[in-house]
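Beneath this line is the structure, given in structure tokens, with notes to follow.
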Amino acid sequence: MIPEITQKNVHIFIPYKVSKICDYICRKEHLPPVQAVAKFYRTKTARLLGQEDSKLWNLGWVALYEMYAEEQNGN
């Protein structure tokens, strides 16, 4: 049985996805890891990822990166 995802346990899904996104930001934008992490965590995408009711935790890291990229491009 799969446990229910709540605001209390949604944090379990976040580190892997954020690390993949930030690794890609490092390579694509030629940034050091600390800057990539800080840049990502300043976005609406990152804030929503931490909210269970947004259901973004259910998306793969590529889809989340695309949301981040759209946000950065002002779309």
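State the percentage of accessible surface on the chain attributable to carbon and sulfur atoms; use a 1.4 Å probe and exclude ligands, DNA and RNA. Don't skip to the end; give the middle numbers.
Details: 3020 of 5180 Å².
Carbon-and-sulfur percentage of accessible area, whole number: 58.
Too long at a 21 Å Cα-Cα cut-off: which of LYS8/LYS28; LYS8/LYS55; LYS8/LYS39?
Details: LYS8/LYS28 33 Å; LYS8/LYS55 14 Å; LYS8/LYS39 25 Å.
Over 21 Å Cα-Cα: LYS8/LYS28; LYS8/LYS39.
Roughly how tilted is helix 61-72, in degrees to the nearest 10 and between 0 and 90, from the longest Cα axis of the chain?
Helix 61-72 and the main axis of the chain meet at about 50 degrees.
Take the alpha carbon gyration tensor of the range 2-41, find the square roots of its eigenvalues, order them as a ≥ b ≥ c, and report rounded if a/c is under 1.5; if not, report prolate when a/b exceeds b/c, else oblate. Numbers along the way, then the final one.
On the way: a/c = 4.83, a/b = 2.84, b/c = 1.70.
It comes out prolate by the Cα gyration axes.
Report the Cα-based extents of the chain along its three principal axes, largest first, to the nearest Å.
Sorted largest first, the three principal extents are 42, 24, 18 Å.
At 0.36 nm per residue, minus the direct Cα-Cα distance, what do LEU48 and GLN7 gain on full extension? Give it in nm, one decimal, please. Show your work: numbers first, answer last.
Details: separation 41, 0.36 × 41 = 14.76 nm, distance 1.16 nm.
This chain segment gains 13.6 nm when fully extended.
At 1.4 Å probe size, with every protein chain present, just tell me what the per residue accessible area of the chain comes to in Å².
On the way: 5180 Å² over 75 residues.
Heavy-atom accessible area per residue stands at 69 Å².
The values are calculated or read from the model by the stated rules, or taken from the named source; none is laboratory data. Predicted model only: the values in this text are computed from it and were never measured. To get the accessible areas, we keep the full protein, side chains included, count just its heavy atoms, and leave off ligands, DNA and RNA. Shrake-Rupley method; radii C 1.70, N 1.55, O 1.52, S 1.80 Å.
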